[in-house]
1. To the nearest 10 Å², what's Glu72's accessible area with a 1.4 Å probe?
2. Straight-line reach only, C-alpha to C-alpha below 22 angstrom: list the lysines that Lys50 could link to, leaving out same-chain residues fewer than 8 apart.
3. Return the Cα extents of region 33-95 along principal axes one, two and three, sorted largest first, each rounded to a whole Å.
4. If you stretched the chain out fully between Lys7 and Asp67, how much longer would it get, using 0.36 nm times the residue separation minus the C-alpha to C-alpha distance?
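The values are calculated or read from the model by the stated rules, or taken from the named source; none is laboratory data. The shown structure was predicted, so the numbers you read here are calculated from the model rather than taken from an experiment. The area values use the complete protein model at the heavy-atom level, side chains included, leaving out ligands, DNA and RNA. Shrake-Rupley method; radii C 1.70, N 1.55, O 1.52, S 1.80 Å.
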Amino acid sequence: MNSQDWKAMLGAAFNVDPDAAAEETVQESAPATAAEQQGKTMIDIILDKKGRNGKQATIVANLTLDDENLKELAAQLKRHCGVGGSARGGEILIQGDKRDAVLNFLKSQGFRARVI
């Protein structure tokens with residue numbers, strides 16, 4: 001029995017062309033960029049000192065990115081500001097008071113952002 005015979009019979013039973021179905025699964029949509037994924041949602045940039053022994057941290061909040069894009073954006077921000085930080089839970093933490101640098105970088109990347 002030919003391997004294509006069972007596919008043809010199954011396709012006929014469910015009114016599906018097996019070759020077309022196989023092509024559809026191979027084609028994947030291009031991953032959205034971070035700016036496209038964020039859309040028109042405003043990003044908040046906040047200065048936080050609580051619970052850090054008086055040290056300042058810049059928090060980038062209201063991000064609607066997936067984990068991969070969030071970590072990539074955090075890495076770009078840390079490189080741009082020349083400091084450390086982390087990304088988790090839809091927020092990016094940048095060490096120090098870097099509100100202006102973060103705002104300028106995000107706007108240059110096409111995000112809508114504001115300092116609070």
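1. Here the accessible area works out near 90 Å².
2. Partners within reach: Lys78, Lys98.
3. Principal extents (largest minus smallest coordinate, Cα): 36, 21, 17 Å.
4. Full extension from Lys7 to Asp67 adds 17.8 nm.
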